[in-house]
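Participant: Sharing a structure, written as structure tokens. Questions coming.
The numbers here are math on the coordinates, done by the rules we state, and not lab data. The structure presented is a predicted model; accordingly, all values stated were derived computationally and were not measured. Because the Cβ atoms are built from the backbone with ideal geometry, glycine has one as well, and the counts that use them run over all protein chains shown.
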Amino acid sequence: MSEITPDVVRHLAGLSRIALEPEEIEKLTGDLGAILENVAKVNEVATPDVPATSHPIPLSNVFRADVPGETLTTEQALAGAPDHDGSRFRVSAILGEEQ
């Protein structure tokens, strides 16, 4: 794995169009170096016989089966509506006339 140097950080900053002060370049050189070291450690133990995971605890579907049940009639649905035309809810316009 390549070593992170201040020149590499300057190059990456230029590619990203980020202006960095000399202090920031020094700090990022150390930070990015530490990140690369940690990735290298993970790569050492990540072998093909270890399955990839997206979550440390196995997850399962906790939803009930999607089975249609009883539905409201039109009259029942409109019963609590502040305004309706007998078959649909009536609401005030929210778009201007240009729509």
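Participant: Once both labels are modelled 7 Å past Cα along the beta-carbon direction, what's the ASN61-ALA93 spacing in nm?
Facilitator: For the pair ASN61/ALA93, the computed spacing is 4.5 nm.
Participant: So, one more: State the three equivalent ellipsoid semi-axes of the stretch 6-45, derived from the C-alpha gyration tensor as the square roots of 5 times its eigenvalues, in descending order and whole Å.
Facilitator: 23, 11, 6
Participant: Would you mind checking which residues have amide H under 5 Å from HIS84's amide H? H placed 1.01 Å from N; only 5 or more apart, or other chain.
Facilitator: Residues meeting the criterion, in which the H sits 1.01 Å from N, are ARG90.
Participant: Here's a follow-up. Using Cα springs under 10 Å in a Gaussian network model of the chain, which residue among SER54, SER87, SER16 shows the largest mean-square fluctuation?
Facilitator: Per the Cα network of the chain with a 10 Å cutoff, SER87 tops the list.
Participant: Rounded to the nearest 0.05, what FRET efficiency do ARG10 and GLU44 give with R0 = 25 Å and r taken as the Cβ-Cβ distance? Could you check?
Facilitator: Given R0 = 25 Å and the Cβ-Cβ separation, E is 0.25.
Participant: Hey, rough spin-label estimate for ILE35 and ALA19, points 7 angstrom out along Cα→Cβ, what's it come to in nanometres?
Facilitator: Label-label distance for ILE35 and ALA19, simple model: 2.3 nm.
Participant: Let me ask something else about it. Please provide three numbers in whole Å: the alpha-carbon extents of the stretch 1-80 along the principal axes, with the largest listed first.
Facilitator: On the principal axes, the stretch 1-80 reaches 72, 40, 17 Å in Cα extent.
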